[in-house]
Amino acid sequence: MSGIELDDFGSLVERPDASPRRDSAERWQALVRPAEGLGKTAELADWLAAVQGVVPVRPLTSPRVLLFAADHGIAERDVSARKPGTASALARAAIDGTAPVNVIARRFGVPVDVIDMALDCDPADLPGEVTAYRVRRGSGRIDVEDALTREEAEQAFRTGMDLADRHADAGTDLVLLGDLSVGGTTPAAVLIAALCGTDASVVTGRGSGIDDLAWMRKCAAIRDALRRARPVLGDQIALLATVGGADFAAMTGFLLQAAVRKLPVVLDGVVGAACALVGQRVAFRAPDWWLAGHATGEPGQAKALDRVSLDPLLDHGIRVGGGVGALLALPLLQAAAALSAELPPEAGTVEEAAGEAAEEPSEEAAEA
C-alpha cells in the first residue's frame, strides 16, 4: 500500500463559500426584527448556507449517524469503568437498536451505522457489514507499545476516506459522527495533550465515570503515552499509529475527506474532538466544515475544541457518548434550515426598504 500524502489535503480542502454566508446574514434584515432576534439559530443557517453554497438553505433531508467502534489496549490499566475488551457490547446495542442513540434516531428518522475498526471480539459475533472494515482485533497498550502499525493506521485512514466518499456520493447531507469504545478517552487525551503542548492532568477527565483512583491511573497512563507521542508529532499518521487507534485514524480520514467533498459533519465527544485536532494539523481549513454537537464536560474536549475554534451547540451534561450529543443537535440545525427556507419577509421590513429606496435620489436627479 502506497503511503498517504497528507500534504494534498492542504490544497484539496477549500473554505466554505463566504458569499452565501454573507447573503444569508443580510437576509435576516428582511425576515425578522431585530435582525439578530434568532441568535445562534440564524448563525447556524448562515453556516449551512456557506457549506451548501446556496441561499436560502436547503432542508436537511438525509442526515446519518456514523459510529466508529474499537477496543483500546490501554483499558488494561483499569482506566475505564468498563472492562477491557467489551466495546462489542456497546456496538451490539447500537446494532440491535437498543442504545440511547437508536431511541433518539428513530424519533428523528435517522439511520445509524456501526463501523467496526478494532473491536476485540470474534468477527462472527457481529453482522458482516459491520465487521467488513475491521483493521485488527483491539489495539496496543499505548503507554508501552504502539496502538497500530503504520500500515494498519494507513488502512484505517483510507477506510475513513472511502466512507466519506461513499456518503457524499449517496447524497448524505449531514453526518453525525460518534464513537463506541472502551478506553477511548485515554488516547484522545494523549493526542490532545501532545498537540496542545499541555500536561496530562490538564486533559484527564472522568470518561465512563471513573473514581479518583482510576483517574490517577488514567493520568499516569496518559503521561507515559505522551512521552511516546512527542517524537512523532510532525507525522500525523505515525502519531495515530503510536498513540491513537484504528477508530481514531478512520475518523480523522473521514473528517478530512468529508471536508474535501464539502460534506458537513457534527462531532460528538472527546474522541471526535481529538480527531478534529489531528485533522486541523493536516488541513487548517477543514474545521470550517465541522460543528461540535455538545459539551461533554471532558477537559480534553474543551481544550481541543478551543484550539480548532469550535463552540459546542448544546451543553446538557450528556456524557454517554455513542453519538447522542451530536444527534441531539440535529433538530437545531433542521430548524435553522427551515427558518432560512420558509420564513417570509416581515411586512414592516419590506415597507421600510421600499421607503428608503424612494427617499434616495436617483442618479439623474443628483446630477441635475
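The values are calculated or read from the model by the stated rules, or taken from the named source; none is laboratory data. These numbers were taken from a predicted model, which means no experiment stands behind them. No Cβ is skipped: glycine too gets one built from the backbone with ideal geometry, and neighbour counts run over all protein chains shown. For accessibility, only protein heavy atoms count, side chains too; no ligands or nucleic acids. Shrake-Rupley method; radii C 1.70, N 1.55, O 1.52, S 1.80 Å.
Please tell me if A189 is buried (at least 19 other Cβ atoms within 10 Å of the Cβ), of a type in the set (A, V, I, L, M, F, W, C) and closer than 16 Å to E298 by Cα.
Details: buried (at least 19 other Cβ atoms within 10 Å of the Cβ): yes; of a type in the set (A, V, I, L, M, F, W, C): yes; closer than 16 Å to E298 by Cα: yes.
When the stated conditions are applied, A189 passes them.
For the structure I just gave you, tell me whether G160 is of a type in the set (G, A, S) and part of a helix (DSSP H, G or I). Break it down into steps so the answer makes sense when it comes.
Working: of a type in the set (G, A, S): yes; part of a helix (DSSP H, G or I): yes.
Yes; evaluated as a whole, the condition is true for this residue.
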Practice prompt. Run down T242, T296, T349 and say which single residue is modelled with pLDDT under 95, in contact with a Lys or Arg (Cβ under 9 Å, 6 or more places away or on another chain) and open to solvent by less than 50 Å² (accessible area, probe 1.4 Å).
Written response: T349
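Just to verify a result, which residue in segment 187-201, among those that are farther than 13 Å from R281 by Cβ and among the hydrophobic types (A, V, I, L, M, F, W, C), is nearest to the chain's Cα centre (by Cα)?
A188
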Practice prompt. Pull up segment 117-138, narrow it to residues that are in contact with a Pro (Cβ under 8 Å, 6 or more places away or on another chain) and not in a helix (DSSP H, G or I), then point me to the one that is surrounded by the most Cβ atoms within 10 Å (Cβ to Cβ).
Written response: R134
Practice prompt. Please state which of the following conditions H316 fails to meet, knowing it meets all the rest: (1) over 25 Å from R22 (Cα atoms); (2) open to solvent by less than 50 Å² (accessible area, probe 1.4 Å).
Written response: (2)
Fill in: Every residue from segment 319-335 that is within 15 Å of A105 (Cβ to Cβ), open to solvent by 60 Å² or more (accessible area, probe 1.4 Å) and part of a loop (DSSP other than H, G, I, E, B)
V320
Fill in: Failed criterion for A147 (all others in (1) surrounded by fewer than 18 Cβ atoms within 10 Å (Cβ to Cβ); (2) under 28 Å from V190 (Cβ atoms); (3) not polar (S, T, N, Q) hold)
(1)
Response to the item:
Of V144, V101, the only residue that is under 22 Å from the mean Cα position of the chain (by Cα), in contact (Cβ under 8 Å) with a residue 40 or more places away in the chain and not in a strand (DSSP E or B) is V101
Item to complete: Could you tell me which of the residues A30, A42 is open to solvent by less than 50 Å² (accessible area, probe 1.4 Å) and touching a Pro at 6+ places or on another chain (Cβ under 7 Å)?
Response: A30
Worksheet entry | Residue satisfying all of: in segment 271-286; open to solvent by 10 Å² or more (accessible area, probe 1.4 Å) and closer than 22 Å to L44 by Cα; nearest to the chain's Cα centre (by Cα) among these | Q280
Discussion item. Can you confirm whether V265 is in contact (Cβ under 8 Å) with a residue 24 or more places away in the chain and open to solvent by less than 10 Å² (accessible area, probe 1.4 Å)?
Written reply: yes
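Quick one: which of A168, A156 is open to solvent by less than 10 Å² (accessible area, probe 1.4 Å) and over 23 Å from H294 (Cβ atoms)? Before the answer, list the steps.
Working: A168 fails: open to solvent by less than 10 Å² (accessible area, probe 1.4 Å).
Only one candidate qualifies: A156.
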Response to the item:
Considering segment 52-83, residues that are surrounded by fewer than 17 Cβ atoms within 10 Å (Cβ to Cβ) and in contact with an Asp or Glu (Cβ under 7 Å, 6 or more places away or on another chain), and then whichever is nearest to A18 (Cα to Cα), we arrive at G53
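Matching residues to (1) at pLDDT below 95; (2) surrounded by 20 or more Cβ atoms within 10 Å (Cβ to Cβ); (3) in contact with a strand residue (DSSP E or B) (Cβ under 8 Å, 6 or more places away or on another chain); (4) not polar (S, T, N, Q):
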residue: I210; (1), (2), (3), (4): yes, yes, no, yes
residue: A220; (1), (2), (3), (4): no, no, no, yes
residue: P231; (1), (2), (3), (4): no, no, no, yes
residue: I237; (1), (2), (3), (4): no, yes, no, yes
Practice prompt. Go through segment 289-315 residue by residue and tally those that are within 20 Å of L163 (Cα to Cα) and in a helix (DSSP H, G or I).
Written response: 1
